[in-house]
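See below for the structure under consideration.
The values are calculated or read from the model by the stated rules, or taken from the named source; none is laboratory data. Predicted model, so just to flag it, every value in this text is computed and none were measured.
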Amino acid sequence: MKYLFLGYYTVGGRERLSRDEYSAIVARCRPLDNELRDSGKVRGVASLVEDEVVTLRTRGDAQHGVI
């Protein structure tokens, strides 16, 4: 059986955390991330950078990919 995990956050949410709160989250997540990677079962990890996100919408002949 295969699973997909999607994590997301609220833009600006990190800035609302104190340094100690953020450090506590990282401290809990890092060992779990390492365990997953070390298991050899993780196929890939990717993330979006909020400042560089672009949304593309088609117009015209969407069936043929005309943008």
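Condition check: assigned to a loop (DSSP other than H, G, I, E, B) and at pLDDT 85 or above. Does Gly40 satisfy that? Lay out the reasoning, then the answer.
Working: assigned to a loop (DSSP other than H, G, I, E, B): yes; at pLDDT 85 or above: yes.
Yes, satisfied.
Restricting to segment 1-29, name every residue that is within 25 Å of Gly44 (Cα to Cα) and of a type in the set (S, T, N, Q).
Thr10, Ser23 - these are the residues of segment 1-29 that are within 25 Å of Gly44 (Cα to Cα) and of a type in the set (S, T, N, Q).
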